[in-house]
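The block underneath contains the structure these notes are about, expressed in structure tokens.
What follows is calculated from the coordinates using simple rules that are stated; it is not laboratory data. None of the values given here were measured: they were computed from a predicted structure. Backbone-built Cβ (ideal geometry, glycine too); neighbour counts: all protein chains shown.
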């Protein structure tokens, strides 16, 4: 059970690393498609689309690496805890919250660099 929950607890930060690394240099081609960093500001034109993905990609890449390290550390420390399952669930929700919060600095950088 430890290995399964540990693998599940690392899915969010690993996806942050993979998407961040991929999208920082090669954002999805279709701004109107269903994937990518899709906000009103990022979809204004091709320049804002590329800039948003470069910023969001770097933020997610760095935070993903930090979260992988912290998650492994937390999982190893709580391995023998009776509440390990609950700790791993809380860890995933914390990771998802951090991933959602990456919108704030990305939008700040977009508004700082571009005007409407």
Cβ crowding within 10 Å averaged over residues, with 81-94, 45-58 ranked highest first: 45-58, 81-94
Computed [θ] at 222 nm, helices only, for the chain once each DSSP H run of length n ≥ 4 contributes -39500 (n - 2.57): -24000 deg cm²/dmol
Helix 11-25 vs. the chain, principal-axis angle (Cα, 0 to 90°, nearest 10): 20
Solvent-free Debye scattering, log10 I(q)/I(0), computed from the Cα coordinates of the chain at q = 0.10, 0.15, 0.18 Å⁻¹: -0.35, -0.67, -0.85
Helix axis angle, 84-101 relative to the chain longest principal axis, alpha carbon, degrees: 10
Computed lengthening from residue 32 to residue 15, 0.36 nm per intervening residue step minus Cα-Cα distance: 3.9 nm
Distance (nanometres) between label positions extended 7 Å along Cα→Cβ at residue 90 and residue 103: 2.6
Efficiency of FRET from Cβ geometry, residue 65 and residue 44, R₀ 30 Å, rounded to 0.05: 0.50
Principal-axis tilt of helix 103-113 within the chain, Cα atoms, nearest 10 degrees: 20
